[in-house]
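Below is one structure, written out as structure tokens; the observations come after it.
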Amino acid sequence: DIYFDSEIISTVLNNLMSNAIKYTPKGSIDLTLSCIQGKTGSAEQDALQKVSISVKDSGYGISKSAIPHVFDRYYQAKGLHQASGTGIGLALVKSLAKLHEAELTLQSEEGKGTEFCFVLDANNTYPNALHKEDAPANEEVLLPTEEGNSSKEEEKEQADVRPLLLIVEDNDDIRQYVNESLCEDYRIIEARNGKEGRDLAFNQIPDLIVSDIMMPEMDGIEMMKILKNDIRTSHIPIILLTAKTTPIDQEEGYNSGADSYLMKPFSASLLHSRIRNILSGRRRLAEFIIQHSLTGANASLAISPEMTENTDANVLGNANDNIDTSVPELSPLDRKFMEKLNHLIEENMTTIDIDIAFMTDKMAMSHSSFYRKVKALTGVSANEYIRKVKLQRSMQLLKEGESNVTEVAMLTGFNNIGYFRKCFKKEYGISPSDVLKGKG
């Protein structure tokens with residue numbers, strides 16, 4: 001018996017035939033179905049083992065240099081016979097072959113034609129094949145390993161949604177004053193010197209740090225340099241509290257990565273205002289990252305200094321600390337993190353289950369650090385961010401109009417069409433079909 005998903009086979013044949021027609025202006029195109037039997041001498045093993053579907057044309061053929069790249073997404077061979085299109089047809093065929101556990105081969109000679117073979121194993125039930133639309137919506141899991149772990153972290157966050165602040169101050173009275181001033185609006189953790197502050201920051205990943213400069217064991221400047229140059233904590237904004245008032249001292253603080261600077265003595269209301277402005281800016285930055293995270297073949301997060309201007313006025317704040325509506329600048333380390341993450345998602349766009357172990361290994365981070373980093377920079381969980389990027393790609397493909405809804409879903413790693421439609425409608429307020437019809 002041969003088990004197969006008719007929709008997948010139809011899509012594969014449509015794309016292979018379309019490709020053959022495109023590059024065969026004259027001559028012939030042959031579609032062949034053949035059975036491949038074993039030759040072991042055993043009646044049982046020599047029974048039908050494989051079925052091959054072949055599409056062979058007598059068209060232009062493919063150059064040797066282009067053959068290794070024809071299944072790459074968006075690749076189009078350059079030359080005299082280059083055809084128009086998006087370059088996703090053969091990439092889709094490759095991803096469907098993998099989904100269907102089939103073998104896909106290519107033979108071609110320039111000027112003599114091309115043959116593609118799609119080979120299916122007999123008696124294979126293809127457990128990963130495309131699910132029907134009435135499958136349960138919860139089957140789609142982008143990061144299955146993360147779901148169980150991150151849900152515990154999310155439950156902790158949902159139990160107390162207030163931002164987490166780390167207060168680093170060796171003076172007990174000042175530390176208590178800051179704590180009592182902020183504890184109604186924020187969760188507070190405390191450290192008595194820079195060394196304790198560094199360790200707490202790595203362990204807890206706070207939303208913001210308020211730190212003195214002059215402290216025993218490790219001062220605030222040294223602690224800040226360490227945190228700003230570590231990928232786990234480089235995104236955390238830091239407010240320095242200091243009695244050092246010379247321009248040289250202030251310049252050292254800014255050059256070390258301080259997001260704001262308050263002179264002692266300071267008022268609780270000014271500190272409150274400064275913290276609110278900074279955290280509001282981080283939320284704007286997260287929204288900006290989400291809006292500009294659509295990746296491409298050369299994935300890059302296009303956040304320029306002009307778009308996220310962070311002037312000295314933003315760092316210092318003004319006398320009244322008026323509400324700041326600018327978008328904070330993304331640090332080079334955080335920009336590199338987001339670009340690498342986007343590139344990983346793009347490279348694995350057709351993958352149904354992006355494993356958390358794979359992602360954290362490629363990003364060289366632990367699960368908890370990766371989860372917290374993505375959440376801090378984007379405002380959403382790693383799972384949700386990946387889903388959003390996939391949906392952004394699907395919107396782009398639908399607007400290009402080269403693929404139907406089923407093909408777009410599979411190209412973006414959704415193996416459940418019903419779930420894809422549900423996610424798309426929730427994200428954009430319009431169905432994928434309506435986008436194809438030009439209503440989006």
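The values are calculated or read from the model by the stated rules, or taken from the named source; none is laboratory data. Note that the structure is a prediction, hence the values are computed from the model and not measured. Cβ placement follows ideal geometry from the backbone for every residue including glycine, while neighbour counts extend to all protein chains displayed.
Determine whether ILE209 is closer than 25 Å to ALA364 by Cβ and not assigned by TED's automatic domain parsing to the domain that holds PHE370.
Yes.
Quick one: which residue in LEU99, LEU104 is under 23 Å from MET410 (Cβ atoms), surrounded by 15 or more Cβ atoms within 10 Å (Cβ to Cβ) and modelled with pLDDT of 75 or more?
Result: LEU104 is the single residue among LEU99, LEU104 that is under 23 Å from MET410 (Cβ atoms), surrounded by 15 or more Cβ atoms within 10 Å (Cβ to Cβ) and modelled with pLDDT of 75 or more.
Mind checking whether some residue in the stretch 303-313 is at pLDDT below 85, closer than 20 Å to LEU92 by Cα and not aliphatic (A, V, I, L, M)?
No; the residues of the stretch 303-313 include none that is at pLDDT below 85, closer than 20 Å to LEU92 by Cα and not aliphatic (A, V, I, L, M).
Of the residues VAL51, VAL12, which is assigned to a strand (DSSP E or B) and at pLDDT 80 or above?
VAL51
Return the residues of the stretch 159-169 that are surrounded by 19 or more Cβ atoms within 10 Å (Cβ to Cβ) and either in contact with a Pro (Cβ under 8 Å, 6 or more places away or on another chain) or not aliphatic (A, V, I, L, M) (or both); say none if nothing qualifies.
Within the stretch 159-169, LEU165, LEU166, GLU169 qualify.
Looking at this structure, is ILE275 at pLDDT 90 or above and either in the same structural domain as MET224 (by TED's automatic domain parsing) or crowded, with 18+ Cβ neighbours inside 10 Å (or both)?
Numbers: at pLDDT 90 or above: yes; either in the same structural domain as MET224 (by TED's automatic domain parsing) or crowded, with 18+ Cβ neighbours inside 10 Å (or both): yes.
Considered against the rule, which asks whether it is at pLDDT 90 or above and either in the same structural domain as MET224 (by TED's automatic domain parsing) or crowded, with 18+ Cβ neighbours inside 10 Å (or both), ILE275 comes out as yes.
Considering each residue of the stretch 116-146, count those that are surrounded by fewer than 19 Cβ atoms within 10 Å (Cβ to Cβ), modelled with pLDDT of 55 or more and either of a type outside the set (Gly, Ala, Ser) or over 21 Å from LYS50 (Cβ atoms) (or both), and give that number.
The total comes to 6.
Examine the stretch 210-232 for a residue that is of a type outside the set (A, V, I, L, M), under 22 Å from VAL161 (Cα atoms) and outside any helix (DSSP H, G or I), and state whether such a residue exists.
Looking for residues that are of a type outside the set (A, V, I, L, M), under 22 Å from VAL161 (Cα atoms) and outside any helix (DSSP H, G or I), one finds at least one in the stretch 210-232, hence yes.
Looking at ARG198, ARG283, ARG274 in this structure, which one is within 27 Å of the chain's Cα centre (by Cα), part of a helix (DSSP H, G or I) and of a type in the set (D, E, K, R)?
ARG283
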